[in-house]
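The values are calculated or read from the model by the stated rules, or taken from the named source; none is laboratory data. Keep in mind it's a predicted model, so treat the numbers as computed, not measured. Note that we place each Cβ from the backbone using ideal geometry, even for glycine, and neighbour counts take in every protein chain shown.
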Amino acid sequence: MTQTPRHFLVTATPPTTNGDLHVGHLSGPYLGADVFSRAQRMLGHTVLYASGGDDHQTYVVTTAQRLGLDPVELAARCNRDIAGTLELAGIDIDAFTSPDDGYRDEVREFFAGLYRAGRLVTRTWTFPYCAQTGRCLLEAFATGYCPECLAGTCGAICENCGHPNDVGSLLFAASTGAERSVTEPREVEILVLPLEEYREQFTEFYRRRRATMRPHVLRFVEEMLSRPLPDFPVTYPADWGIPVGIDGFDGQVINVWAEMLPGLVHMAESARLSRSPQTPTGVWTRDSGFELVQFLGYDNTFYFSFAHLGLILAHGGLVEPTAIVTNEFYHLDGSKFSTSRRHLIWARDLVGKYGPDTVRFHLALGNPEHQPSNFSEDEFLRSVRTRLHEPLHTLATALAPHAGRQVSARPETEALLERYRDRMRRAYTLETFSLRLAAETSANLLALLAARAADDPGLAVAGLRAFAAQAAPVMPGLAAVIEARYAAAAPGTVPQLADLLPVTV
């Protein structure tokens, strides 16, 4: 069946540049967006995939302070590390940028335009001020307990339930890094986006987009819409970030989570220049023909589902997201990955030890798409050994006596493989996208081929090539090696298939 070509603009949440990527990070939006992008190109669609370093997060400041580093130097180093890790893991991203003067100018002008249009309004906000740190309590500068789920959290958002907070609602708020958390209230005039004014548009948007939103996102949206929506702070009093540049708001910077929306627009244009310079500028504009698909961890849902969508609605000329694809937390040995607690496995270390395709296969097979998943190195080794390496070794051994010869497939072989292809198309299609389904279905095919290889070499030969074609978005390196072996063999003959994987586990 011929599909109408589609144009996708794919984003993965810009990572905070206070460290390299750990395995929990890699298992989330970066791998998901990469597999989706590769799959859409395989299906004949156009894709631009963009992300970049999130340098202006206050977590960069608190981490640099803890490590005794300059935050600018820390962010620059982490940008390099993250870009390198993505490359090692086979993440084929079209643009991974870091903020420069052009980026900052575009972000400032975006909000200046909203201000001139009357879309941003002034509110008096009370911030606790800590004299010891010289900071207002906000974002990473504040700690406390979530007023929604009661979990310990920092300011702005709860990583556990995803609900927003502010220093007024954060329970038992304290100043990060202060020995004595003594604060005094300071009233500050800031700019906000009044989300409640867009309630009807939010409601209609999610009614139309239910089919391409994950269930947890829809549940979160329903929770948020069950009560008045909060004002979203666009500026706040701090010295780390992009200065507002609007009269009357001296000493304030643009909220980093507000900055991210025009920042992603900038990154998308960099992706266009890299992948498809012949495509007209303005890929994020409403009439560009691109569908926006955004990959993110569930803890960022509020920003993408309300704050960013609200900014898009306020602007009026930008494309709205077609899909918000979230992932849940990936735990390590039963506990959440944590850079600050050093409870982690660095992604570059795991990929360097076992190879990118092996790591990608396992992270897809147990991906935390709809509920938290757990990583342990023992389970990793077991799953890749039994579900990937051993079946491939069995296939190579069974087909070795037939190398260079022709084998014929049985009449029912093509129907079987078409079922596999059809299920993989379902795994890759936007409305039913699933890393788990793609990896599980491909692993099942390998098991079937390995079990039948001795009796039906024709099925094994045809099936392995179908596997290489369809599993390529998940395991691009392995797929390329298999295809190269087939290409090197004489037409219609069995290729040499020994040593397909460079690393044995």
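The numbered conditions (1) more than 23 Å from the chain's Cα centre (by Cα); (2) among the β-branched types (Val, Ile, Thr); (3) in the same structural domain as Leu381 (by TED's automatic domain parsing) are all true for Val503 except (3).
Within the stretch 288-310, residues that are within 18 Å of Pro15 (Cα to Cα) reach partners that are surrounded by fewer than 22 Cβ atoms within 10 Å (Cβ to Cβ) and among the polar types (S, T, N, Q) with beta carbons closer than 7 Å, at six or more positions or on different chains, in the pairs Val293/Thr322.
Within the stretch 308-338, restricting attention to residues that are surrounded by fewer than 18 Cβ atoms within 10 Å (Cβ to Cβ), of a type in the set (D, E, K, R) and more than 17 Å from Arg382 (Cα to Cα), the residue that is modelled with the highest pLDDT is Glu320. Residues of the stretch 159-173 that are surrounded by 17 or more Cβ atoms within 10 Å (Cβ to Cβ) and either in contact with a strand residue (DSSP E or B) (Cβ under 8 Å, 6 or more places away or on another chain) or modelled with pLDDT under 90 (or both): Asn160, His163, Pro164, Asn165, Asp166, Val167, Leu170, Ala173. Within the stretch 477-500, restricting attention to residues that are within 36 Å of the chain's Cα centre (by Cα) and in a loop (DSSP other than H, G, I, E, B), the residue that is surrounded by the most Cβ atoms within 10 Å (Cβ to Cβ) is Leu497.
Report whether or not Cys146 is under 29 Å from His370 (Cβ atoms) and free of Cβ contacts under 8 Å to residues at least 60 places away in the same chain. Write out each step before concluding.
Details: under 29 Å from His370 (Cβ atoms): yes; free of Cβ contacts under 8 Å to residues at least 60 places away in the same chain: yes.
Judged against the criteria, Cys146 is a match.
The residue of the stretch 108-129 that is nearest to Phe141 (Cα to Cα), among those that are touching a Lys or Arg at 6+ places or on another chain (Cβ under 8 Å) and of a type in the set (Ser, Thr, Tyr), is Tyr129. I'd like to check something: does the stretch 141-154 contain any residue that is in contact with a strand residue (DSSP E or B) (Cβ under 9 Å, 6 or more places away or on another chain), closer than 25 Å to Gly316 by Cα and not assigned by TED's automatic domain parsing to the domain that holds Leu48? So far as the stretch 141-154 goes, no, none of its residues is in contact with a strand residue (DSSP E or B) (Cβ under 9 Å, 6 or more places away or on another chain), closer than 25 Å to Gly316 by Cα and not assigned by TED's automatic domain parsing to the domain that holds Leu48.
When you go through Gly366, Gly334, Gly355 one by one, which is the residue that is in contact (Cβ under 8 Å) with a residue 40 or more places away in the chain and touching a Lys or Arg at 6+ places or on another chain (Cβ under 9 Å)? Talk me through it step by step, then tell me what you get.
On the way: Gly334 fails: touching a Lys or Arg at 6+ places or on another chain (Cβ under 9 Å); Gly355 fails: touching a Lys or Arg at 6+ places or on another chain (Cβ under 9 Å).
So the residue among Gly366, Gly334, Gly355 that is in contact (Cβ under 8 Å) with a residue 40 or more places away in the chain and touching a Lys or Arg at 6+ places or on another chain (Cβ under 9 Å) is Gly366.
Looking only at the stretch 475-502, filter to residues that are in contact with a Leu (Cβ under 7 Å, 6 or more places away or on another chain) and hydrophobic (A, V, I, L, M, F, W, C); which one of those is nearest to Ser408 (Cα to Cα)? Walk me through it before giving the result.
Filtering the stretch 475-502 down to residues in contact with a Leu (Cβ under 7 Å, 6 or more places away or on another chain) leaves 478, 481-482, 485, 494, 497, 500-501.
Within this subset, residues satisfying the condition of being hydrophobic (A, V, I, L, M, F, W, C) are 478, 481-482, 494, 497, 500-501.
Working: Leu478: 25, Val481: 23, Ile482: 19, Val494: 10, Leu497: 18, Leu500: 23, Leu501: 26 Å.
The extreme case among them is Val494.
In the stretch 108-119, the residues that are free of Cβ contacts under 8 Å to residues at least 12 places away in the same chain and under 14 Å from His266 (Cα atoms) reach residues that are surrounded by 14 or more Cβ atoms within 10 Å (Cβ to Cβ) and not polar (S, T, N, Q) with C-beta atoms within less than 9 angstrom, at least six apart or across chains, in these pairs: Glu109/Gly245; Glu109/Pro262.
For the stretch 95-108, the criterion of being within 22 Å of the chain's Cα centre (by Cα) and under 30 Å from Ala469 (Cα atoms) is met by at least one residue. With the structure loaded, tell me whether Arg199 is more than 24 Å from the chain's Cα centre (by Cα), in a loop (DSSP other than H, G, I, E, B) and at pLDDT 95 or above or whether it fails that test. Taking the combined requirement at face value, the residue does not satisfy it. For the stretch 339-371, a residue qualifies if it is surrounded by 21 or more Cβ atoms within 10 Å (Cβ to Cβ) and either acidic (Asp, Glu) or touching an Asp or Glu at 6+ places or on another chain (Cβ under 6 Å) (or both), and the qualifying residues are Asp357, Pro368.
Contact map, the stretch 410-433: residues that are assigned by TED's automatic domain parsing to the domain that holds Ala472 and without any contact (Cβ under 8 Å) to a residue 60 or more places away in the chain paired with residues that are basic (Lys, Arg) and assigned to a loop (DSSP other than H, G, I, E, B), Cβ distance under 8 Å, separation 6+ or inter-chain. No pairs are found. Of the residues that make up the stretch 459-466, is at least one under 37 Å from the mean Cα position of the chain (by Cα), among the basic types (Lys, Arg) and at pLDDT 95 or above? The answer is yes, given that some residue of the stretch 459-466 is under 37 Å from the mean Cα position of the chain (by Cα), among the basic types (Lys, Arg) and at pLDDT 95 or above. Pick out the one residue from Arg436, Arg452 that is free of Cβ contacts under 8 Å to residues at least 60 places away in the same chain, outside the structural domain of Thr322 (by TED's automatic domain parsing) and of a type in the set (D, E, K, R). Checking each option against the conditions leaves just Arg452. Those strands (runs of 3 or more DSSP E) of the stretch 251-368 in which 1 or more residues are of a type in the set (Asp, Glu) occupy 290-297.
When restricted to residues that are assigned to a strand (DSSP E or B) and either exposed (fewer than 15 other Cβ atoms within 10 Å of the Cβ) or not aromatic (Phe, Trp, Tyr) (or both), the stretch 42-95 contains 8.
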